[in-house]
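S.K.: Next up is a structure, given as structure tokens.
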Amino acid sequence: MRPPPLAELLVSAGSYPAEFVKDMRKIDAALPEGLPRVDRLTPSSAHRALACALSLACQTQNIANIELGRAGILAMPTKWVAARIVPVAMAVLDFGDEWEFRRFLELLGLIDCRLARAFIAGVKVGLAEDLREAVDDVLVILGDG
């Protein structure tokens, strides 16, 4: 499910948005408001911003954090994200963990259905049963199941 826009989430009550802002500002003072221009940061800072948002989107259990991470990534330039997200995810996430894997697949579907389908096609063979189930569930969401 698509999260609310990042700007809307950042003004919501609670400690999660404040922590997200603090973590992003450690990377660059222009973040998170500058996420739509993340491609103009130094490559290292841009990579760290993507990794930070990806970690929230896929590794956390609280829906507020998941939505913040997803909204942060969706605020970034789509083509830039599409070109970088898989290698960053492979370095940051544990694809053996069903929930991290599932959230990553869902996120790919939000970014670009073709990207999600291409990733799934590349990893589907040889997956453990719980990961295959995650793939099948996401394919249904994408209209392919």
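The values are calculated or read from the model by the stated rules, or taken from the named source; none is laboratory data. All values derive from a computational prediction rather than experimental measurement. Cβ: placed from backbone, ideal geometry, glycine included. Neighbour counts: every protein chain shown.
S.K.: Does residue 78 satisfy the criteria of being over 22 Å from residue 117 (Cα atoms) and either surrounded by fewer than 20 Cβ atoms within 10 Å (Cβ to Cβ) or under 11 Å from the mean Cα position of the chain (by Cα) (or both)?
M.R.: Working: over 22 Å from residue 117 (Cα atoms): no; either surrounded by fewer than 20 Cβ atoms within 10 Å (Cβ to Cβ) or under 11 Å from the mean Cα position of the chain (by Cα) (or both): yes.
Taking the combined requirement at face value, the residue does not satisfy it.
S.K.: Further question on the same structure: Just need a number here: residues in the range 35-50 that are surrounded by fewer than 18 Cβ atoms within 10 Å (Cβ to Cβ) and either over 18 Å from residue 107 (Cβ atoms) or at pLDDT below 95 (or both).
M.R.: Number of matching residues: 7.
S.K.: Out of the residues in the range 46-69 meeting the condition of being among the β-branched types (Val, Ile, Thr) and in a helix (DSSP H, G or I), tell me which one is farthest from residue 87 (Cα to Cα). Show your work before the answer.
M.R.: First, pick out the residues of the range 46-69 that are among the β-branched types (Val, Ile, Thr): 60, 63, 66.
Those left that are additionally in a helix (DSSP H, G or I): 63, 66.
Numbers: 63: 24, 66: 20 Å.
Only one residue fits best here, namely 63.
S.K.: Let me ask you something else. For residue 120, indicate whether it is within 16 Å of the chain's Cα centre (by Cα) and among the β-branched types (Val, Ile, Thr).
M.R.: Numbers: within 16 Å of the chain's Cα centre (by Cα): yes; among the β-branched types (Val, Ile, Thr): yes.
Yes; evaluated as a whole, the condition is true for this residue.
S.K.: Please work out which residue is nearest to residue 63 (Cα to Cα), limiting yourself to the range 11-37 and to residues that are touching a residue at least 24 places away in the same chain (Cβ under 8 Å) and of a type in the set (A, V, I, L, M, F, W, C).
M.R.: 20
S.K.: Please verify whether residue 93 is modelled with pLDDT of 95 or more and of a type in the set (A, V, I, L, M), treating the condition exactly as stated.
M.R.: Numbers: modelled with pLDDT of 95 or more: yes; of a type in the set (A, V, I, L, M): yes.
Yes.
S.K.: Just the residues that are loosely packed, with under 15 Cβ neighbours inside 10 Å and in contact with a Gly (Cβ under 7 Å, 6 or more places away or on another chain), please, taken from the range 120-145.
M.R.: 136
S.K.: Could you list, in sequence order, all residues of the range 36-53 that are within 13 Å of the chain's Cα centre (by Cα) and either among the small types (Gly, Ala, Ser) or under 16 Å from residue 22 (Cα atoms) (or both)?
M.R.: Taking the range 36-53 and keeping what is within 13 Å of the chain's Cα centre (by Cα), we get 47-53.
The answer is 48, 49, 50, 51, 52, 53.
S.K.: Residue check: is residue 18 closer than 24 Å to residue 105 by Cβ and either modelled with pLDDT of 95 or more or surrounded by fewer than 20 Cβ atoms within 10 Å (Cβ to Cβ) (or both)? Outline the logic, then answer.
M.R.: Values: closer than 24 Å to residue 105 by Cβ: no; either modelled with pLDDT of 95 or more or surrounded by fewer than 20 Cβ atoms within 10 Å (Cβ to Cβ) (or both): yes.
No.
S.K.: Tell me, please, whether a residue that is in contact (Cβ under 8 Å) with a residue 40 or more places away in the chain, exposed (fewer than 13 other Cβ atoms within 10 Å of the Cβ) and over 17 Å from residue 46 (Cα atoms) can be found in the range 110-117.
M.R.: So in the range 110-117, the residues in contact (Cβ under 8 Å) with a residue 40 or more places away in the chain come out as 110.
Within this subset, residues satisfying the condition of being exposed (fewer than 13 other Cβ atoms within 10 Å of the Cβ) are none.
Looking for residues that are in contact (Cβ under 8 Å) with a residue 40 or more places away in the chain, exposed (fewer than 13 other Cβ atoms within 10 Å of the Cβ) and over 17 Å from residue 46 (Cα atoms), one finds none in the range 110-117, hence no.
S.K.: If you don't mind, another one. Of everything in the range 65-98, what is in contact (Cβ under 8 Å) with a residue 40 or more places away in the chain, among the hydrophobic types (A, V, I, L, M, F, W, C) and out of contact with any Ser or Thr (no Cβ under 8 Å at 6 or more places or on another chain)? Give them in sequence order.
M.R.: 68, 71, 74, 75, 76, 80, 88, 91
S.K.: Checking the structure you have, find out if any residue of the range 102-113 is among the β-branched types (Val, Ile, Thr) and closer than 21 Å to residue 3 by Cβ. Show your work before the answer.
M.R.: Initially, the range 102-113 is screened for residues among the β-branched types (Val, Ile, Thr), giving 111.
From the residues that got through so far, the ones that are closer than 21 Å to residue 3 by Cβ too are 111.
Yes, the range 102-113 contains a residue that is among the β-branched types (Val, Ile, Thr) and closer than 21 Å to residue 3 by Cβ.
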